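Right, one structure below, let's go through it.
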Amino acid sequence: MMRALALALLALAGLTAPALWSPAQAALTLCNRTSYILYAATTAIQSPRSETQGWSRIAPGDCHLARKEPLTAETYLVHARTSLAHSGPARAWGGNYPVCVKDGNFSIRQGVTQPYCTADDTFALPFAPLDNRGRSVWTMHFDETPVMTMAQAQLAGVKRLLKDNGYKIARIDGAPDKTTGVALADFRKKMRFKESDGNVELFNALENAARKSIAPAGYTVCNDGKEALLVALAQRDGGKAVSRGWWTVHPGACAKAITTPLASEAVYLAAQRKSGASIVAGPERFCIAQAAFEIQGAGNCKTRGLGEIGFARTDTKGRSGFVARIGPVGLVR
């Protein structure tokens, strides 16, 4: 009865029903009962080593196979964060255990007691322990309040992404309504969807379109090219200059370099290929170092044993968030 009702609700919105997942299909399955597209990472701890894998993309109302192997390690940890496509503050599902991760797809092996992230392109996020009750096969759900069914989460996720794309959606919930149906039909028409295109194509298109227009609070750098980039930022606040780097931004990935709302008129950006060749530069000169750095002041770089390069200005006045996109030949204006 409830399954039939869910199918009817989704049909009204032009969606297909979420797949029914069986725990026997995988060792660790992560399911998303939220209205957000989530990116999840997992850690397996078997002293004295740990292995962390990410990121598993999970659309609302969908599930993803996070680990194929039986869950036989001592401890498992999980962290999930919302897609950069969503407007407003980022949300995360985690705990109090710091674990080293990377932007883009990754697998990291390190010692359990290692106190900090050693690689330049890694950073720590707080993970939560997974209570799989000692079982080798487990399914975990990410939820928000109020808790929704998978079918409701799918429809709520479409509503949220339509709103992220500029459509006027009154409520983010799992109930079908005429406004959402009209907005969804308009989006499908703009994207020139085929009749055979389903939920996968819909969520991909909604996320990609929103990612191009949404600027979450802070400063985000996205790499639209085909090779990894090293990125540095600089700011002048109250007459004082500070430069920071390097962030590694992998192809097709984004890195949030400033996590707090912006308050300056401009942020200066520099980007290099791994070979050292510059791809984003400008007339504003700031100090840099070869390894990860945070440098106060922009003068006397050489006498301080530092390098110096030109940064490109990105205007951020009046914005709390900004997304800089770097293409194959430079900054995309």
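Readers should treat all values here as calculations from the given coordinates under stated rules, not as data from a laboratory. These figures come from a predicted structure and were not determined experimentally. So basically every Cβ, Gly included, is an ideal-geometry build from the backbone, and we count neighbours across all protein chains shown.
Which listed residue (41, 181, 111) has the Cα farthest towards the positive end of the charge dipole for the chain, taking +1 on Lys and Arg C-beta and -1 on Asp and Glu C-beta about the Cα centre?
Most positive-ward Cα: 181.
If the viscosity is 1.567 mPa s and the temperature 4 °C, what translational diffusion coefficient in µm²/s does Stokes-Einstein give for segment 280-322 when Rh comes from Kirkwood over Cα pairs?
Here the translational diffusion coefficient equals 110 µm²/s.
Label-point separation (nm) for residue 208 and residue 105, each offset 7 Å from Cα along Cα-to-Cβ?
Between residue 208 and residue 105, the simple spin-label model gives 1.7 nm.
Sort 185-197, 125-137, 158-170, 258-270 by packing, meaning the average of other beta carbons within 10 Å per residue, with the highest value first.
158-170, 258-270, 125-137, 185-197
Run down the lysines and flag those whose C-alpha is under 18 Å from the C-alpha of residue 163, throwing out any fewer than 8 positions away in its chain.
178, 189, 190, 212
So who's got an amide H within less than 5 Å of the one on residue 62, skipping anything under 5 residues away but keeping other chains? H placed 1.01 Å off N, in plane.
32
Enter the per residue convex hull volume of segment 218-332, computed from alpha-carbon coordinates, in Å³ rounded to the nearest integer. The partial results should precede the final answer.
Values: hull volume 10.7 nm³, N = 115.
For segment 218-332, the hull spanned by Cα atoms encloses 93 Å³ per residue.
Under 14 Å Cα to Cα from residue 317, which aspartates and glutamates show up? Leave out anything in the same chain fewer than 8 places away.
Candidates past the 8-residue exclusion: 237, 265.
Around residue 165, which amide H atoms from residues at least 5 apart in sequence, or from another chain, sit under 5 Å from its own amide H, with H modelled in the peptide plane?
Those lying under 5 Å, H to H, from residue 165: there are none.
Between residue 135 and residue 265, what FRET efficiency comes out of the Förster formula 1/(1 + (r/R0)^6) with R0 = 56 Å and r the beta carbon distance, rounded to 0.05?
0.55
Å³ per residue of the Cα convex hull, for the chain?
158 Å³
Just report the Cα centroid separation between segment 213-289 and segment 130-152, whole Å.
37 Å
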